[in-house]
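Undergrad: Handing you this structure, nothing more for now.
All of the numbers you see were taken from the coordinates with simple rules; none came from a lab. Just so it is clear, the structure is predicted and the values come from calculations on it, not from any experiment. Backbone-built Cβ (ideal geometry, glycine too); neighbour counts: all protein chains shown.
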Amino acid sequence: MSLLLAPAIFLALAAPGAAEVRRIPSEDARQGAVSDGRHLYAIDNAAISKLDPSSGRTVARWHGDPALFRHMNSCIALGGKLICAASNYPDVPMASSIEWFDTRTMRHVASRSLGPGRGSLTWLDWHDGSWWACFAHYDGKGGEPGRDHRHTTLVRFDRTFAEQGAWLFPPDVLERMSPFSSSGGGWGADGRLYVTGHDRPELYVVALPDAGSVLRHVATIPIPTNGQAIAWDPKDKRLLWSIERKGRALVASRVPEIVEN
């Protein structure tokens, strides 16, 4: 696709903006936010704060060794655990791991190294009986020679992390993420994948293609925060949690339903 056509296509895919519902301060709101339906969690490189959603008070906090936990990017809440995507950013070669935390005790309970190869793991989700993981690439800092943001890849794994398929992101979405990559993502209840970049206040809605290896761009939704990791609220299927890194806050936004023409 010609880059000269990208702006017009991008505008045609624009959707109504998400409306901010609530903002909760947390010093650890530097990488992402997640809800398990009972508590909120603010994610930092080597720290996680557990927050009471009613009062916003921090009820527990985990802090790890920065030498071991270099760059936790995002987490999901599943089965009483926080399952977190981590990497060695900005070191190269890129290497990634998945880290498990018990939400009750806030202890680190398991780790799985994915090693080098695909890129820098920025987010993962469990959907349709599979793990879905985004491996980022960057143009500058943290990037590897010969690869840039266009090499960012969505990979589908089975429950044992055997690869089942892989897709590139749409060129017009990648252009908006440049020179960085996708920092957050998660499957919505509507069966579409919602992703964010590193700094633009936008939510990109994509879907698996009928054929080929490039995801289909469905819509772009303005959001109140600037990229980073996101997570859907398990009790409210259109409520999205994100962070405002500059203001150190978790932000809940109501995302409009997407209707394709």
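Undergrad: List the cysteines of the chain that have no other Cys Cβ closer than 4.7 Å: which are they?
TA: Unpaired cysteines in the chain: Cys134.
Undergrad: Loop by DSSP (not H, G, I, E, B), at most 13 other beta-carbon atoms within 10 Å: where is the longest site-free stretch of the chain for GluC sites (Glu not before Pro)?
TA: Longest stretch, sites excluded: 28-256.
Undergrad: May I pose another question? Taking the chain as a Gaussian network, Cα atoms linked when under 10 Å apart, which of Ser213, Ser183, Ser97 shows the biggest mean-square fluctuation?
TA: With Cα springs under 10 Å in the chain, the top fluctuation among Ser213, Ser183, Ser97 is at Ser213.
Undergrad: Here's another thing I want to ask about it. Starting at the first residue of the range 17-32, write each ³J(HN,Hα) from the Karplus equation 6.51 cos²θ - 1.76 cosθ + 1.60 with θ = phi - 60°, in whole Hz, x for Gly and Pro.
TA: These are the phi-based 3J(HN,Hα) values: x, 7, 9, 5, 10, 7, 9, 10, x, 7, 4, 8, 7, 10, 10, x Hz.
Undergrad: While we're looking at this one, here's another question. What does the net charge come to around Glu144 if you take all other residues with beta carbon closer than 14 Å to its beta carbon, with K and R at +1 and D and E at -1?
TA: Every neighbour counted, the sum reads +1.
Undergrad: Could you please state, rounded to a whole Å, how far the C-alpha centre of the range 185-200 is from the C-alpha centre of the range 211-248?
TA: Measuring centre to centre over Cα atoms gives 4 Å.
Undergrad: Mean-square fluctuation check for the chain, GNM, Cα pairs under 10 Å: which of Ser182, Ser113, Ser96 is largest?
TA: Highest fluctuation among the options: Ser113.
Undergrad: So if I take the alpha carbon set of the range 6-254, get Rg, then get Rh from the Kirkwood formula, what is the Rg over Rh ratio?
TA: When Rh is taken as the Kirkwood radius, the ratio is 0.94.
Undergrad: Mind computing the radius of gyration and Dmax over the alpha-carbon atoms of the range 87-129? Å is fine for both.
TA: For the range 87-129, the Cα-based Rg and Dmax read 12.4, 35 Å.
Undergrad: Listed highest first by mean packing, meaning other Cβ atoms within 10 Å per residue, what order do 61-73, 216-228 come in? Please list the in-between numbers first.
TA: Numbers: 61-73: 16.5, 216-228: 20.4.
Packing proxy ranking, top to bottom: 216-228, 61-73.
Undergrad: Remind me, relative contact order of the chain in percent, using alpha carbon pairs under 8 angstrom and six or more residues apart? Intermediate values should be presented prior to the final figure.
TA: Numbers: 712 pairs, mean separation 52.7, N = 261.
Answer for the chain is 20 percent.
Undergrad: On to the next question. By its C-alpha gyration tensor, with a ≥ b ≥ c as the square roots of the eigenvalues, how is the range 117-199 shaped: rounded for a/c under 1.5, else prolate for a/b larger than b/c, else oblate?
TA: In terms of gyration-tensor shape, oblate.
Undergrad: Further, regarding this structure: Between the range 11-89 and the range 116-158, how many Å separate their Cα centres?
TA: Their Cα centres are 19 Å away from one another.
Undergrad: Can I ask one more? Summing Lys, Arg as +1 and Asp, Glu as -1, what charge do residues with Cβ under 13 Å from the Cβ of Trp126 carry, Trp126 excluded?
TA: Spelling it out: positives minus negatives among the neighbours equals 0.
Undergrad: Rounded to the nearest 500 deg cm²/dmol, what is the calculated helix-only ellipticity per residue at 222 nm for the chain, with -39500 (n - 2.57) per DSSP H run of length n ≥ 4?
TA: One gets -1500 deg cm²/dmol as the mean residue ellipticity at 222 nm.
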